[in-house]
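Following: one structure in structure tokens, then a few remarks.
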Amino acid sequence: MLNILKTAAFYSLIVLGLNSCTVFKKSISKPVVLAMPDKTIIVDVNSSALNTKYSNDISKEALLKSFLDNFEEEAKITTNFTLTNEEAGSDFIIRIKSLSISETSKTEKVSDEKSPYNGQEIVLNTIECSAEVEIINTKDKTKVLKNCYNSKIRSEELKNNRDVVDLVIGTNRDHTSYRTKLLSDDICINLAGDVGRRIWVPITRRISKTI
């Protein structure tokens with residue numbers, strides 16, 4: 001019974017934490033108008049991976065569209081915030097200083113004496129998307145708030161669980177066969193959209209402290 005109560009309390013804290021983030025975003029004391037007159041954004045795509053898989057043919061225009069679409073959608077549903085293209089009448093000016101996608105790789109060794117793959121090194125790729133936003137006080141443009149930053153990372157994983165094929169034909173019952181769990185082909189686009197939404201949390205915090 002005690003374990004059940006502890007588990008319930010743990011999940012209650014998680015829910016409370018999630019709700020507090022939502023409440024915080026609605027806690028701005030008065031309406032604020034944000035202007036984003038300049039959508040000329042530097043998009044950087046780079047790779048130092050041994051074998052580039054996800055970012056080599058990605059369109060910078062598609063990355064920017066995914067970021068801005070989600071950024072603007074989040075602005076619409078954030079209470080007491082209005083996002084406009086016009087600087088006149090606004091309280092703050094927002095500039096997206098950068099949006100970047102980086103692909104890297106790392107080597108992970110299989111450590112399983114029962115597996116025929118034991119000791120083999122597997123190269124796993126990681127994609128990171130990050131963005132930086134500058135906020136300027138419209139009334140006094142010398143007052144620049146601390147820049148807002150957000151990033152999100154997704155990595156390939158080394159797995160030994162049974163996949164659908166294993167279940168169908170009855171293989172890998174001892175979990176000694178290893179494989180690489182790949183990322184989706186559109187992972188870069190998805191992460192750009194996620195960061196576009198997520199960066200509103202630091203934006204609301206900065207402005208909330210200012211007003």
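Restricting attention to the range 73-91, the residues being under 27 Å from ILE189 (Cα atoms) and touching a residue at least 24 places away in the same chain (Cβ under 8 Å) number 10.
Yes or no, residue by residue, for (1) at pLDDT 90 or above; (2) in a helix (DSSP H, G or I); (3) under 19 Å from the mean Cα position of the chain (by Cα); (4) on the phi > 0 side of the Ramachandran plot:
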residue	(1), (2), (3), (4)
ILE41	yes, no, yes, no
ASP44	yes, no, yes, no
ALA75	yes, yes, yes, no
SER98	yes, no, yes, no
SER115	no, no, no, no
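Looking only at the range 186-211, which residues are farther than 30 Å from VAL32 by Cα and part of a helix (DSSP H, G or I)? So that I can check it myself, show each step before the final result.
Restricting attention to the range 186-211, the residues satisfying the condition of being farther than 30 Å from VAL32 by Cα are 186-188.
If the condition is that a residue be farther than 30 Å from VAL32 by Cα and part of a helix (DSSP H, G or I), then ILE187, CYS188 are the ones that fit.
Right, THR79: surrounded by fewer than 15 Cβ atoms within 10 Å (Cβ to Cβ) and touching a Lys or Arg at 6+ places or on another chain (Cβ under 7 Å) or not? So THR79 passes the test. Restricting attention to the range 188-208, the residues that are in contact with a strand residue (DSSP E or B) (Cβ under 7 Å, 6 or more places away or on another chain) and crowded, with 22+ Cβ neighbours inside 10 Å total 6.
For the range 100-113, taking the residues that are part of a loop (DSSP other than H, G, I, E, B) and out of contact with any Phe, Trp or Tyr (no Cβ under 7 Å at 6 or more places or on another chain), the one that is farthest from ILE211 (Cα to Cα) is identified as GLU113.
Within the bounds of the range 78-85, is there any residue that is modelled with pLDDT under 95, hydroxyl-bearing (Ser, Thr, Tyr) and either over 30 Å from SER29 (Cα atoms) or part of a helix (DSSP H, G or I) (or both)? No: zero hits.
Taking the criterion of being assigned to a loop (DSSP other than H, G, I, E, B) and closer than 14 Å to PRO116 by Cα, the residues of the range 174-185 that qualify are ASP174, HIS175, THR176, SER177, TYR178. Screening LYS143 against (1) under 22 Å from the mean Cα position of the chain (by Cα); (2) free of Cβ contacts under 8 Å to residues at least 12 places away in the same chain leaves a single unmet condition, (1).
Among the residues of the range 126-167, write down those that are among the basic types (Lys, Arg) and either part of a strand (DSSP E or B) or touching a His at 6+ places or on another chain (Cβ under 9 Å) (or both). Show your work before the answer.
Filtering the range 126-167 down to residues among the basic types (Lys, Arg) leaves 139, 141, 143, 146, 152, 154, 159, 162.
LYS146, LYS152, ARG154, LYS159, ARG162 - these are the residues of the range 126-167 that are among the basic types (Lys, Arg) and either part of a strand (DSSP E or B) or touching a His at 6+ places or on another chain (Cβ under 9 Å) (or both).
Just the residues that are of a type in the set (Val, Ile, Thr) and surrounded by fewer than 14 Cβ atoms within 10 Å (Cβ to Cβ), please, taken from the range 160-179. Scanning the range 160-179 gives VAL164, VAL165, VAL168, ILE169, THR171.
For the range 105-114, which positions are among the hydroxyl-bearing types (Ser, Thr, Tyr) and surrounded by fewer than 17 Cβ atoms within 10 Å (Cβ to Cβ)? Explain how you work it out, then say what you get.
To start, the set of residues in the range 105-114 that are among the hydroxyl-bearing types (Ser, Thr, Tyr) comprises 105, 107, 111.
Of everything in the range 105-114, those that are among the hydroxyl-bearing types (Ser, Thr, Tyr) and surrounded by fewer than 17 Cβ atoms within 10 Å (Cβ to Cβ) turn out to be THR107, SER111.
The values are calculated or read from the model by the stated rules, or taken from the named source; none is laboratory data. A quick note: this is a predicted structure, and the numbers were derived from the prediction, not measured. Cβ atoms come from the backbone with ideal geometry, glycine included; neighbour counts cover every protein chain shown.
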